[in-house]
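**Student:** Structure in structure tokens, see below.
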Amino acid sequence: MRSSFFGISLILALFATSVSATEKVIPETEQKNLNVTIYNGNRALIKDTRSIQLENGLNTISFSGVSSQIIPESALLQGVGLKTQEQNFNFDLIDYNSLMEKSVGSQVDIEYIDPATGVVSNGTAELLAFNGGSPVLKIDNKIETNYPGRIIFNKVPDNLRAKPTLTVDVFAQNAGIQNVNLSYLTEGLSWRADYVGELNSTEDKLNLNGLVTLTNNSNTDFKNAHLQLVAGDVNIVPINAIMPRKAERYMLASATVNDAISTEKFSDFYLYTLPQTTDILSKQTKQVALLSGQNVSLKK
């Protein structure tokens, strides 16, 4: 057993998500339209339209790249002749710890490079355990810890995903390509209005600029999104409230994107629609122009 320790590195020989043969993964490249409606209270409604080839009968389809902070019970999939039977949110993502933990009990390839001679030694081992960040390997009927080489995986273990994924089992009445619409609520998106005013020398006129400040802490990118903002306190229905299941989908709201920023009042809320699409990237705060006014009369 080697006493020296040079650290462990990983190689993924076959970097492909392990999915069942019948599962159809819909990547973001198949996205036809994306609407993001952001509410007060760190919540947003996502409406994601993607194209997919469906077979007649039962289909398992997976939306990759959904928000990692999705509220799973709010997800609603809609399409022509589709009936949802089951849905699962898979958020166990590929990383060092998950690869190790999911591979315990499996055969892995190992590689060791002698630092003195540069000679490469290859072999196989059984991953017996992974505790506290240190793998335990069985090599040639011997138990090895602190292995100084590389552990190589030949496949991604089952149920690990490169991105957060929502998987839905649906029954389709007809085969063919169609656009399906996934809507869901997520946390991690917020907005506020910021105003900057500049007084003139006589303090009777004001140049005013209004900006919408968007913050994305959902760990998910929303690219080329039609953006809407809702002003007002949205009522959050308690989980233990006694009401029909449909009432839990309490914030589904939509409006048509106009050519210019529009303001629309509905119920006790105001809806602002931005005219152009925008990218709302993860871990990003961005500002979008809302209004401006020059030489606005001012009375102190």
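Nothing in this text is a laboratory measurement; each read-out follows from the coordinates by a stated rule. Note that the structure is a prediction, hence the values are computed from the model and not measured. Note: ideal-geometry Cβ built from the backbone for every residue, glycine included; neighbour counts use all protein chains shown.
**Student:** Just to confirm a number: summing +1 for Lys and Arg and -1 for Asp and Glu over residues other than PHE222 whose beta-carbon lies under 15 angstrom from that of PHE222, what do you get?
**Tutor:** Once all neighbours under 15 Å are counted, the net charge is +3.
**Student:** Step through the table entries LYS83/LYS223; LYS32/LYS163; LYS24/LYS163, compare each Cα-Cα distance with 26 Å, and write down the pairs that go over it.
**Tutor:** Where the Cα-Cα span goes over 26 Å, the pairs concerned are LYS83/LYS223.
**Student:** Another question, if that's okay. Can you tally the net charge around ASP48? Count Lys and Arg as +1, Asp and Glu as -1, for every other residue whose Cβ sits under 11 Å from the Cβ of ASP48.
**Tutor:** Net local charge, ASP48 excluded: +1.
**Student:** Okay, moving on. Could you rank the peptides 171-179, 217-225, 194-202 by their average count of other C-beta atoms within 10 Å per residue, with the highest value first?
**Tutor:** For the peptides 171-179, 217-225, 194-202, the packing ranking is 217-225, 171-179, 194-202.
**Student:** Given THR213, THR202, HIS226, which one lies farthest toward the positive end of the charge dipole of the stretch 194-235, if we put +1 on the Cβ of every Lys and Arg and -1 on the Cβ of every Asp and Glu?
**Tutor:** HIS226
**Student:** Where does the charge balance sit around LEU281 when Lys and Arg score +1, Asp and Glu -1, over other residues with C-beta under 9 Å from its C-beta?
**Tutor:** Cβ neighbours under 9 Å give a net charge of +1.
**Student:** So if I average 1/r over every pair of distinct C-alpha atoms in the stretch 137-227 and take the inverse, what Kirkwood radius in Å does that give?
**Tutor:** When all Cα pairs of the stretch 137-227 are included, the Kirkwood radius is 21.1 Å.
**Student:** Between rounded, prolate and oblate, where does the stretch 189-233 land on the alpha carbon gyration tensor, with a ≥ b ≥ c its root eigenvalues, rounded for a/c under 1.5, else prolate if a/b exceeds b/c?
**Tutor:** Taking the square roots of the gyration eigenvalues as a ≥ b ≥ c, the stretch 189-233 is prolate.
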